[in-house]
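Enquirer: For reference, the structure I am asking about is given below.
What follows is calculated from the coordinates using simple rules that are stated; it is not laboratory data. Since the structure is predicted, the reported quantities are computational estimates derived from the model, not experimental observations. Every residue, glycine as well, gets a Cβ built from its backbone with ideal geometry; the counts of neighbours run over all protein chains shown.
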Amino acid sequence: MFTGLIDDVGRIEAVSRTAAGLELRISCRYDDLVEGESIAVNGACLTVVAHGNGWFTVGAITTTLGRTTIGSWDVGRRVNLERALRAGDRLGGHFVQGHVDGVARVTAVAVDGDAQIVDLALPAGLAELMVQHGSLAVDGVSLTVNDLPAPGSVQLSLIDYTLRHTTLGTLVPGDQVHVEADMLGKYVHRLLKESTWLSER
């Protein structure tokens with residue numbers, strides 16, 4: 001479980017194919033990682049398989065590669081990092097599972113006063129989970145839905161701090177990002193669908 005509050009931006013140092021999947025070595029500021037712990041890498045929960053002072057290695061299996069952009073990542077790419085939530089930590093963002101629901105495409109980026117406005121085209125099935133002023137994780141960053149400007153799309157308003165402390169400040173139209181809908185919204189949506197199905201029987 002994560003909060004969507006990024007605590008480091010790492011850089012991919014090496015990419016290799018192994019029997020365990022696609023292996024990524026990532027530089028970071030952490031010096032106390034343990035083997036087997038979970039780290040959200042651009043919002044995807046991955047397991048540390050090796051680590052050292054200032055680096056760690058994770059592997060992405062076929063299932064993960066099929067629903068993320070990880071398979072296209074190259075050496076030098078910057079990635080948002082967040083270590084798993086500990087009991088007693090402040091929950092400043094929202095509950096993020098690290099289970100990427102799909103890949104969205106950036107359709108527009110514009111400056112509006114002191115904010116950067118980003119529009120995303122969502123993958124099928126996610127638009128119905130969006131609520132204006134609700135929560136959404138984009139490349140692991142906890143964000144508020146600013147607007148729902150058109151069917152199948154969502155608009156974000158990024159503050160200066162987010163632009164400087166995550167990778168979102170470099171987004172341009174055409175970029176692809178990981179999206180995870182709000183966990184509570186997904187459960188409510190599922191329960192409502194089940195309730196409707198039962199009432200129709």
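Enquirer: Over the chain, what relative contact order in percent results from Cα pairs under 8 Å that are six or more residues apart?
Expert: With pairs under 8 Å counted, the relative contact order is 23 percent.
Enquirer: Once you have all Cα-Cα distances for region 8-83, histogram them in 5 Å bins from zero and send the whole-percent values.
Expert: Percent of Cα pairs in each bin: 3, 17, 32, 30, 14, 3, 0.
Enquirer: Report the label-to-label distance for ALA50 and GLN97 in nanometres (one decimal), using points 7 Å from each Cα along the Cα→Cβ vector.
Expert: Output for this residue pair reads 3.1 nm.
Enquirer: Starting from the eigenvalues of the Cα gyration tensor, five times each then square-rooted, give me the equivalent ellipsoid semi-axes of the chain, largest first, whole Å.
Expert: Taking √(5λ) for each eigenvalue gives 28, 21, 17 Å, largest first.
Enquirer: Same structure, new question: Using only Cα atoms, tell me the angle between helix 183-199 and the longest principal axis of the chain; keep it within 0 to 90° and round to the nearest 10.
Expert: Once rounded, the angle reads 40 degrees.
Enquirer: On to the next question. Please identify the trypsin sites (Lys or Arg not before Pro) of region 1-59 that satisfy two criteria: DSSP loop assignment and at most 15 other Cβ atoms within 10 Å. Which are they?
Expert: Filter output for region 1-59: ARG29.
Enquirer: Just subtract the alpha-carbon distance of ALA110 and ALA87 from 0.36 nm times their residue separation and send over the number in nm, one decimal.
Expert: Using 0.36 nm per residue and subtracting the Cα-Cα distance, I get 4.4 nm.
Enquirer: Could you calculate the contour length gain from VAL15 to ARG29, that is, 0.36 nm times the residue separation minus the distance between their Cα atoms, to one decimal place in nm?
Expert: Taking VAL15 through ARG29 to full extension adds about 3.1 nm, to one decimal.
Enquirer: Where in the chain is the longest stretch that carries no GluC sites (Glu not before Pro) classed as loop by DSSP and with at most 15 other Cβ atoms within 10 Å?
Expert: 38-199
Enquirer: For the chain, what is the calculated [θ] at 222 nm in deg cm²/dmol (nearest 500), taking -39500 (n - 2.57) for each run of four or more DSSP H residues and dividing by its residue count?
Expert: -4000 deg cm²/dmol
Enquirer: Among GLY88, ASN42, ALA108, pick out the residue whose Cα is farthest towards the positive end of the charge dipole of the chain, where Lys and Arg carry +1 and Asp and Glu carry -1 on C-beta, about the Cα centre.
Expert: Of the candidates, ASN42 comes out farthest on the positive side.
Enquirer: Hey, another quick one. For region 102-186, calculate the relative contact order in percent as a whole number, restricting contacts to Cα pairs under 8 Å that are 6 or more residues apart.
Expert: This gives 38 percent for region 102-186.
Enquirer: Provide the net charge surrounding PRO123, with neighbours chosen by a C-beta distance below 13 Å and charges set as Lys +1, Arg +1, Asp -1, Glu -1.
Expert: My count for the surroundings of PRO123 gives -1.
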